[in-house]
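Some notes on the structure that comes next.
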Amino acid sequence: MEKDDYLHEIHVRMMRVIEDLRVIQRQLNYAAMEAPGDPELMEALSSMTEVESLQNLKSALDQMRHFLWFYLQLMTSDSDAGEKLRQAIKQRPAAETPFSAEASYVEKLKNPTEATILRYLSDAKNRKPN
């Protein structure tokens, strides 16, 4: 796949996700406004599966927000630190296995890319607060 096709595919996907998020927000807003007057809707919105779904969505969005902040810092940085970080990311091992929830913090940092990212973020002097 050519770079232009790849970037176009990502752009189209981002536009779909943005629209989906807007629809979800409108539907949740509507549900929140209607729930106080509808006991059945209030019960459905308070169910464990609904709350868990919302927590999963929030977690995924938080993770994406952090990643996008990092990505924009990386792509817009002309400094030596930005270049070193890009090089470290390119050297990522081909077959990474996802970390289990039980993996210790040290085990997660054995990957040099993770350590480099954390160093970069902690050393950033003009870093914006979350």
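Please verify whether E2 is over 19 Å from the mean Cα position of the chain (by Cα), charged (D, E, K, R) and modelled with pLDDT of 80 or more, treating the condition exactly as stated. Give the derivation first.
On the way: over 19 Å from the mean Cα position of the chain (by Cα): yes; charged (D, E, K, R): yes; modelled with pLDDT of 80 or more: yes.
For E2, the condition - over 19 Å from the mean Cα position of the chain (by Cα), charged (D, E, K, R) and modelled with pLDDT of 80 or more - is met.
Tally time: how many residues in segment 39-69 are among the hydroxyl-bearing types (S, T, Y), surrounded by fewer than 11 Cβ atoms within 10 Å (Cβ to Cβ) and part of a helix (DSSP H, G or I)? Explain how you work it out, then say what you get.
So the first thing to find is which residues in segment 39-69 are among the hydroxyl-bearing types (S, T, Y), and the list is 46-47, 49, 53, 59.
Restricting the remaining residues to those that are surrounded by fewer than 11 Cβ atoms within 10 Å (Cβ to Cβ) gives 46-47, 49, 59.
So of that shortlist, the ones also part of a helix (DSSP H, G or I) come out as 49, 59.
Of the residues in that region, 2 qualify.
So, in segment 14-29, exactly how many residues are exposed (fewer than 11 other Cβ atoms within 10 Å of the Cβ) and closer than 16 Å to L54 by Cβ?
6
The values are calculated or read from the model by the stated rules, or taken from the named source; none is laboratory data. Computed from a predicted structure; not experimentally measured. Don't worry about glycine lacking a Cβ; one is built from the backbone with ideal geometry, like all the others, and counts go over all protein chains shown.
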